[in-house]
Amino acid sequence: MIKQERLDNQKEDSTEPKPVKKVKNGKSGRTIDINIADFKTHPLWSLLLETARDNPLYPGNVAYAEKYILQKNPKITAKELAHKLSITVGEALAILEGLLPD
């Protein structure tokens, strides 16, 4: 009963919408375009791969990209793949690194 009262009181108190937090630098992970060959030499490449592959959605994204996207467009860029899957360019780079031949 007490919990419900607190929930009801919050609705009455919050008459104004809360402001949306903006990204400080204004840059998104989906807007950069990186060449896979250039990025593989970066010291943080292995960290990017590990982080992307630990994402629970990674296997599904890889399967979808392989089955539907790369069949139609085998020369897709990381930026385009990121846009189609609604993921970051880093995750798209990790997917392409595993699927595309060197």
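The values are calculated or read from the model by the stated rules, or taken from the named source; none is laboratory data. Keep in mind it's a predicted model, so treat the numbers as computed, not measured. Cβ: placed from backbone, ideal geometry, glycine included. Neighbour counts: every protein chain shown.
May I ask you to list pairs of residues, at least six apart or on different chains, whose Cβ atoms are under 9 Å apart, with the first in the range 30-48 being surrounded by fewer than 10 Cβ atoms within 10 Å (Cβ to Cβ) and the second being among the charged types (D, E, K, R) and modelled with pLDDT under 80?
37/102
Pairs under 6 Å by beta carbon, first residue farther than 16 Å from residue 98 by Cβ in the range 58-87, partner not in a helix (DSSP H, G or I), six or more apart or different chains?
79/33
What number of residues within the range 48-101 satisfy the criterion of being closer than 16 Å to residue 37 by Cα and assigned to a helix (DSSP H, G or I)?
Number of matching residues: 15.
Taking the residues in the range 66-102 that are crowded, with 17+ Cβ neighbours inside 10 Å and among the acidic types (Asp, Glu) as candidates, determine which candidate is modelled with the lowest pLDDT.
Going through the qualifying residues, I end up with 97.
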